[in-house]
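The values are calculated or read from the model by the stated rules, or taken from the named source; none is laboratory data. Just so it is clear, the model here is predicted, and its values are computed rather than measured. Glycine gets a Cβ as well: all are built from the backbone with ideal geometry, and neighbour counts include every protein chain shown.
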Amino acid sequence: ELSIQEGKNRQVRRMTAAAGHPTLRLVRVAYGPFSLAGLEPGGWRELDPRQLDARR
């Protein structure tokens, strides 16, 4: 498992390829402070005001 705070899809793929482990599947599990658990691909959910404040 690899965790980075910021970066791009290709950056992760290059890093793992350089270590001899090409990336087969890349999954985003969070976006900033928001977990994406239970959210389907292409799905969305409304944020309450408290969550919006956490974003700042």
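Apart from one condition, Gln51 fits all of (1) surrounded by fewer than 10 Cβ atoms within 10 Å (Cβ to Cβ); (2) touching a Phe, Trp or Tyr at 6+ places or on another chain (Cβ under 8 Å); the exception is (1). Taking the criterion of being loosely packed, with under 10 Cβ neighbours inside 10 Å and either under 23 Å from Gln51 (Cβ atoms) or touching a Ser or Thr at 6+ places or on another chain (Cβ under 9 Å) (or both), the residues of the stretch 5-14 that qualify are Gln5, Glu6.
The residues of the stretch 1-14 include none that are in a helix (DSSP H, G or I), under 11 Å from the mean Cα position of the chain (by Cα) and among the β-branched types (Val, Ile, Thr).
Would you mind stating whether Ala17 is modelled with pLDDT of 90 or more, over 10 Å from the mean Cα position of the chain (by Cα), of a type outside the set (Ser, Thr, Tyr) and farther than 30 Å from Asp53 by Cα? Here the answer is yes, as Ala17 does meet what is asked.
Only one entry of Leu24, Leu39 meets the criterion of being aliphatic (A, V, I, L, M), out of contact with any helix residue (DSSP H, G or I) (no Cβ under 9 Å at 6 or more places or on another chain) and loosely packed, with under 10 Cβ neighbours inside 10 Å, and that entry is Leu24.
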